[in-house]
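What follows is one structure encoded as structure tokens, with my remarks underneath.
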Amino acid sequence: MNNQAYELAKAKYAALGVDVESAFKKLSEVPVALHCWQGDDVCGFDHDGPLSGGIQTTGNYPGKATTVDQLMADMEKTISLCPGKKKLNVHACYAIFEDGEYVDRDKIAPKHFAKWVELAKKYNIGLDFNPTFFSHPKVKNGLTLTSPDEETRKFWVEHGKACIRISQYFAEETGIPCVMNIWTGDGFKDIPADRMGPRLRYKKSIEEIMSQPFDPDKVKICVESKVFGIGVESYTAGSAEFALTFAATHEGCLPLMDNGHYHPTEVVSDKIPALLCFYPEIALHITRGVRWDSDHVVLLDDETKEMAKEIVRCDALGRVHMALDYFDASINRISAWVVGFRSWQKALLMALCTPHEKLKKLQDENKFTELMVLQEEYKLLPFGEIWEKYCELCGVKGDASWFDEIVKYEEEVLSKR
Ligand code: RNT
Ligand code: ZN
């Protein structure tokens, strides 16, 4: 890159009291979890049925990964094109069985994920995990942990416990804590006759899951809330209030906010500092909802930047577990991964290069006119040069030329699938 341009840009930031090099260092130390499910439209390897549970992928772009090796190769390609520290985020339905072997979800074990550990170790990174409470014949009438059918509910509790054992194994193998996120699509299409019953069963089920012994320094259990899903438009058991209160009242449990899971005028950027007043740690799913929880690829849009700003200015990079969560099947899936990952890195770097102390002071001094002027001014800082330098230091392309690699990979690998 043009070093002179970088030096000029760096000086502009320095004049505002921003040390871009310390920003590079901070950013390169915080992991962001890359979700394996973008690579195969949330299919996984343990079933043939359709995606269910209120979520949906749309599109049929060619070249989808259909085997473990393909999915891992695609993730490695993604890793090679993204700056910054990563974690791998795996769903339970991505269990890897021997030829002819099949184990149901209540019986999955660490050995079914040994290959994921191998991949993480290759890059010296951590693993996060998710029980899969969807796309399975034992989802009865759309319900899992909230089911009034005791056998069904128990099956899913056993699944959750199995996932804690696997999460503990991930943490022990990698030496990095594993975030284990509980999300269910349990809910109702139309007006329910009992809203509390399913929630009480959900509460009991998560408590039973958490009775599986685990080390809270190694396994971070989260509960992810959601306002509605496809087919469960009227009611979801795991609402925001449910998840927040559950986490607040249960040791070893964190709340997870997915920014696609709220009413469209609500913003997670505003919820982050609210939760940070009370919770030592929180978790995020970073996505882009278009009109609804559509799970579009994360871009460098205003709300993405605002969420990153909140994490940084609350000095909470070490308290927020960040994971990407979207699935777009209408475009090259690897490119979708890369664009989303790079966008979130850009948002974080931008936030790290903003003179927050100066702006906070203006707010506290009630100087809102000047605050507006400067906030607008900072939007035009020469961020492109800073980003390019960061990418260079991370050994990846700083401009869109990474896409040449995607084109090549599509020709040489994806088109042959
Ligand atoms: C669904 C939730 C959930 C899933 C993944 C696949 O609305 O966001 O996090 O996207 O578990
Ligand atoms: Zn999510």
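Within segment 227-291, the trypsin sites (Lys or Arg not before Pro) that combine a DSSP coil assignment with at most 12 other C-beta atoms in a 10 angstrom radius are 291.
With a 1.4 Å probe and all protein chains left in place, how much of the accessible area of the chain comes from carbon and sulfur atoms, in whole percent? The computed percentage sits at 53.
Kirkwood radius for the chain, taken over all pairs of different Cα atoms as the inverse mean of 1/r, rounds to 22.2 Å. Charged neighbours of residue 302, selected by a Cβ distance under 15 Å, balance to -2 (K, R count +1; D, E count -1).
Residue 416 to residue 114: FRET efficiency via 1/(1 + (r/R0)^6), r the Cβ-Cβ distance, R0 35 Å, to the nearest 0.05? According to the calculation, E is roughly 0.80.
In loop segments of segment 55-147 as defined by DSSP, the chymotrypsin sites (Phe, Trp or Tyr not before Pro) with at most 12 further C-beta atoms inside 10 Å of their C-beta are 102.
Taken per residue, the accessible surface of segment 32-354 reaches 38 Å², heavy atoms only and a 1.4 Å probe. So if a site counts as exposed when it's one of the GluC sites (Glu not before Pro), its DSSP state isn't H, G, I, E or B, and it has at most 13 other Cβ atoms within 10 Å, what's the longest stretch of the chain without one? Result, exposed sites excluded: 102-250. Restriction of the chymotrypsin sites (Phe, Trp or Tyr not before Pro) in segment 224-317 to DSSP coil positions whose beta-carbon has at most 15 other beta-carbons within 10 angstrom yields 278. All other residues whose Cβ lies under 12 angstrom from that of residue 230 are scored, Lys and Arg at +1 and Asp and Glu at -1, for a net of -1. Taking a sphere under 15 Å around the Cβ of residue 411 and counting the other residues whose Cβ falls inside, with K and R at +1 and D and E at -1, yields a net charge of -1. Residues whose amide H lies under 5 Å from that of residue 33, counting only those 5 or more places away or on a different chain, are 87, 322, 323, 324; hydrogens are built 1.01 Å from N in the peptide plane.
Relative to the current alpha-carbon distance between residue 363 and residue 15, full extension at 0.36 nm per residue lengthens the span by 123.2 nm. DSSP bridge analysis restricted to the chain gives an antiparallel fraction near 15%, rounded to the nearest 5.
Maximal additional length on extending the residue 301-residue 200 stretch stands at 32.6 nm, based on 0.36 nm per residue less the C-alpha distance. Length gained on full extension, residue 233 to residue 69: 55.4 nm, using 0.36 nm per residue less the C-alpha separation. The modelled label-to-label distance for the pair residue 274/residue 7, using points 7 Å beyond Cα in the direction of Cβ, is 4.9 nm.
The values are calculated or read from the model by the stated rules, or taken from the named source; none is laboratory data. Because the structure is predicted, anything quoted here is derived from the model rather than measured. Cβ sites come from the backbone with ideal geometry, for glycine too, and all protein chains shown count toward neighbours. SASA here: full protein model, heavy atoms, side chains in, ligands and nucleic acids out. Shrake-Rupley method; radii C 1.70, N 1.55, O 1.52, S 1.80 Å.
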